[in-house]
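Engineer: Structure below; questions to follow.
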Amino acid sequence: MADERISTIVKEIKYWKEHKLLPEVHCDFLLALYTQGEDESVDTPVKSRYNFLFYLQLILLVLMVPFSFLVVYFTQFNSILQLSIQVLFIGYAIWVVHYLRKRNHPYVHIPIIVTLALVLILTDFTSNQLRLNQYLNVFAFMLNFIGWYLLSRKFRYRYLMISSILALAILLFLNFSHLFPFN
């Protein structure tokens with residue numbers, strides 16, 4: 001009778017694990033507990049989350065920022081090609097953000113920062129290509145920093161909120177300080 005109950009519990013835990021009703025670590029622990037460590041289906045945790053390919057992906061993602069500077073400011077590519085490369089980099093960075101957010105990964109902040117830096121570079125590139133006057137250029141950057149602030153409110157990232165407020169204050173001070181005498 002006790003074996004039937006244990007096998008029913010083990011089947012239920014395997015169902016939970018398969019349908020992700022409990023975290024995999026908890027299910028593995030419960031399976032090891034109820035089978036007394038004799039269940040072959042319990043996977044021993046391997047450092048697969050922190051493997052070489054993941055770190056390579058993060059390094060390549062961070063390297064996109066200098067590459068985008070290189071493409072935008074130091075090459076003679078066509079403007080459409082430069083814009084396409086920027087949009088491609090931003091699309092990949094957004095995909096990595098969604099991928100890591102879905103898995104509640106602790107390194108999700110790195111792709112968020114890279115994505116925002118790439119969007120900032122894209123904003124500067126497009127405003128230079130459109131030859132906007134100074135006030136429209138400032139307005140474009142203000143919209144960028146307001147977007148940072150709204151993103152920080154949505155996901156509750158304190159560092160992003162502080163950096164957006166500081167960046168907005170510095171932008172406004174540098175562009176409109178000539179209107180106020182400081183002497």
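The values are calculated or read from the model by the stated rules, or taken from the named source; none is laboratory data. Everything quoted here is computed from the prediction, not taken from an experiment. Note that each Cβ is placed from the backbone with ideal geometry, even for glycine, and that neighbours are counted across all protein chains shown. These area figures cover heavy atoms from the full protein model, side chains too; ligands, DNA and RNA do not enter into them. Shrake-Rupley method; radii C 1.70, N 1.55, O 1.52, S 1.80 Å.
Engineer: Could you list, in sequence order, all residues of the stretch 164-183 that are open to solvent by less than 40 Å² (accessible area, probe 1.4 Å), within 17 Å of residue 145 (Cα to Cα) and small (Gly, Ala, Ser)?
Structural biologist: First, pick out the residues of the stretch 164-183 that are open to solvent by less than 40 Å² (accessible area, probe 1.4 Å): 164, 167, 171, 175, 177.
Cutting the leftovers down to within 17 Å of residue 145 (Cα to Cα) gives us 164, 167, 171, 175.
164, 167 - these are the residues of the stretch 164-183 that are open to solvent by less than 40 Å² (accessible area, probe 1.4 Å), within 17 Å of residue 145 (Cα to Cα) and small (Gly, Ala, Ser).
Engineer: A further question follows. Looking at 121, 112, 90, can you tell me which residue is part of a helix (DSSP H, G or I), modelled with pLDDT of 90 or more and closer than 15 Å to residue 57 by Cβ?
Structural biologist: The unique qualifying residue is 112.
Engineer: Continuing with the same structure: Check 4, 24, 18, 12 and return the single one that is at pLDDT 80 or above and in contact with a Lys or Arg (Cβ under 9 Å, 6 or more places away or on another chain). Steps first, please.
Structural biologist: On the way: 4 fails: in contact with a Lys or Arg (Cβ under 9 Å, 6 or more places away or on another chain); 18 fails: in contact with a Lys or Arg (Cβ under 9 Å, 6 or more places away or on another chain); 12 fails: in contact with a Lys or Arg (Cβ under 9 Å, 6 or more places away or on another chain).
Selected residue: 24, the only one of 4, 24, 18, 12 that is at pLDDT 80 or above and in contact with a Lys or Arg (Cβ under 9 Å, 6 or more places away or on another chain).
Engineer: Follow-up. Among 76, 82, which is of a type outside the set (Phe, Trp, Tyr), at pLDDT below 90 and farther than 25 Å from residue 156 by Cβ? Steps first, please.
Structural biologist: Working: 82 fails: at pLDDT below 90.
That would be 76, the only listed residue that is of a type outside the set (Phe, Trp, Tyr), at pLDDT below 90 and farther than 25 Å from residue 156 by Cβ.
Engineer: Now for a separate question. Sort out which residues of the stretch 126-162 are farther than 30 Å from residue 80 by Cβ, out of contact with any Ser or Thr (no Cβ under 6 Å at 6 or more places or on another chain) and open to solvent by 40 Å² or more (accessible area, probe 1.4 Å), and write them in order of number.
Structural biologist: Residues satisfying the conditions are 153, 154, 155, 156, 158, 159, 162.
Engineer: Same structure, new question: Mind checking whether some residue in the stretch 114-124 is touching a helix residue (DSSP H, G or I) at 6+ places or on another chain (Cβ under 8 Å), touching a residue at least 40 places away in the same chain (Cβ under 8 Å) and farther than 29 Å from residue 177 by Cα?
Structural biologist: For the stretch 114-124, residues touching a helix residue (DSSP H, G or I) at 6+ places or on another chain (Cβ under 8 Å), touching a residue at least 40 places away in the same chain (Cβ under 8 Å) and farther than 29 Å from residue 177 by Cα: present.
Engineer: Additional query: Sort out which residues of the stretch 58-84 are open to solvent by less than 40 Å² (accessible area, probe 1.4 Å) and among the β-branched types (Val, Ile, Thr), and write them in order of number.
Structural biologist: Hits for the stretch 58-84 are 65, 71, 72, 75.
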